[in-house]
Amino acid sequence: MKTKRQSGNLLIRGGRIIDPSQGIDAVGDLFISEGKIAWLSVQRAGSLPENHKVIEARGMVVCSGFIDLHCHLRQPGFEEKETIATGTRAAAKGGFTTVCCMPNTNPPIDKAEVVGYVKSVAGKEGAVQVLPVGCITEGRDGGKLADFGELSASGTVAFSDDGSPVMDSAIMRSALEHSQKSGFPIIDHCEDIALSQDGVMNEGSAATKLRLKGMPAAAEESMVARDIRLARIVGGRLHIAHVSTAGSVELIRSAKEEGISITAEVTPHHLTLTEEAVVGYNTNAKVNPPLRTAEDVEALISGLKDGVIDAIATDHAPHTAQDKNCDFNTAAFGISGFETALGNLMMLVHQGKLDLVTLISKLTCEPASILRRTDLGTLKSGSVADVVIFDPNKEWVVNPEEFVSKGKNTPLAGYVLKGKVMATLFGGVVVYRDKVFLN
């Protein structure tokens, strides 16, 4: 990343400070000095220098900047959909200060030079920190294992062929063997394409009524089960991307109880929307894995609450209007998710389905733990001042035309959401502020 501009001295005053990494949930002040957390008044207030700026945060929540384990910045190769510059600005607007970008670019992130390119562009143009995820296989074609040593040495933080499943079990086993030695997580997009091929939404009564080919839950669950069996044999750090079914939750639960090293993520849209969002052939609700049933949604929420699912990740997947404004069968999969993530997730809090501290934990210290980054996801004294300030009760209407992202593709257009990011600080510098805040 680029060298951060020094922020000077800044006092965030009177907010509800929530830091699950330290077990803190109390009203207090947060003082930032030269880009780092100096002190929290809920622990022990320190001295204030004469020259410091103040942000009034009464009625706001103050927490560590969100960490997204799974997003698509599209660059290199698909800059008409998104760029690192626009994507990271959208991330900042959503409260994210660290994002892990998936390797389904062109060329894919399977060589050190591509990692270097992503890091270079992010360093010059990125609004927040970008951590590249390297390919599991060369070209993401599933045939030959990528050079994990070269990729990790160049700065990747995990490995995935996301957008494509690793269908070859021997390849997946080899990837987990490398993970066992290196400690880097293997992030798998679990989908048996023999079962899901040509599917465009969840298999079930809604697909039947719409006369659309369905993608069965078994397509995901069979691959989750396979990966768990391989991890049982060889070890390694297995991470399941965008879990979407109740069956997957139970498989992961059992694996954790057995002591297998497995973590998992879920997206905001899989926590709040069902297959019914597709009714009317809404291509903005076409996503892979597909939106599932109400029963699946409830199982995912329960999995978050009891720790089976470790993190919330956006799977931000921006597309052009042409990608979506077409026949449902040919429309691209994906939802532009950075800018609606918090408001969407806060629905669960306001409905009493998830408590706010757990939500913040799943967006901060728990994804940091998966990355083994003790410097992220915390407001501990001395840590980098990546901070988000949000109003948990602010209502706003989703207008995709106001998105910073190039991708306007969201099924939430017109929704009234309650909960809005007011400001995001990266290294103590304000990289996003709401137009009605900090004026």
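Structure notes:
- Residue list for region 47-58, filter: small (G, A, S) and either surrounded by 14 or more Cβ atoms within 10 Å (Cβ to Cβ) or in a strand (DSSP E or B) (or both): A57
- Criterion (β-branched (V, I, T), within 21 Å of D162 (Cβ to Cβ) and either over 17 Å from the mean Cα position of the chain (by Cα) or in the same structural domain as C101 (by TED's automatic domain parsing) (or both)) met by exactly one of T274, T314, T293: T314
- The one condition in (1) closer than 27 Å to I262 by Cβ; (2) not in a helix (DSSP H, G or I) that S369 fails to fulfil: (2)
- One residue alone among K380, K394, K353 is in contact with a helix residue (DSSP H, G or I) (Cβ under 6 Å, 6 or more places away or on another chain), charged (D, E, K, R) and either modelled with pLDDT of 95 or more or not assigned by TED's automatic domain parsing to the domain that holds G163 (or both), and that residue is K353.
- Among (1) in contact with a Ser or Thr (Cβ under 6 Å, 6 or more places away or on another chain); (2) outside any loop (DSSP other than H, G, I, E, B) - the single one A331 does not satisfy: (2)
- The single condition among (1) in contact (Cβ under 8 Å) with a residue 24 or more places away in the chain; (2) over 30 Å from T320 (Cα atoms) that R229 does not satisfy is (1).
- On inspection, H270 does not qualify as in contact with a helix residue (DSSP H, G or I) (Cβ under 9 Å, 6 or more places away or on another chain), part of a strand (DSSP E or B) and surrounded by 19 or more Cβ atoms within 10 Å (Cβ to Cβ).
- Taking the listed residues I67, I37, I24, the one that is hydrophobic (A, V, I, L, M, F, W, C), surrounded by fewer than 24 Cβ atoms within 10 Å (Cβ to Cβ), touching a Phe, Trp or Tyr at 6+ places or on another chain (Cβ under 9 Å) and within 22 Å of C365 (Cα to Cα) is I37, with no other qualifying.
- Region 129-159, residues that are of a type in the set (G, A, S) and surrounded by fewer than 21 Cβ atoms within 10 Å (Cβ to Cβ): G139, G142, G143, G149, S152, A153, S154, G155
- Breaking point among (1) under 20 Å from H70 (Cα atoms); (2) over 19 Å from the mean Cα position of the chain (by Cα); (3) of a type outside the set (F, W, Y); (4) surrounded by fewer than 15 Cβ atoms within 10 Å (Cβ to Cβ), for T320: (4)
- Here N409 passes the criteria (1) in a loop (DSSP other than H, G, I, E, B); (2) without any contact (Cβ under 8 Å) to a residue 60 or more places away in the chain; (3) not β-branched (V, I, T) except the one numbered (2).
- On inspection, D168 does not qualify as of a type in the set (D, E) and closer than 18 Å to C101 by Cα.
The values are calculated or read from the model by the stated rules, or taken from the named source; none is laboratory data. As the structure is a prediction and not an experimental result, all values here were calculated from the model. We place every Cβ from the backbone using ideal geometry, glycine too, and count neighbours over all the protein chains shown.
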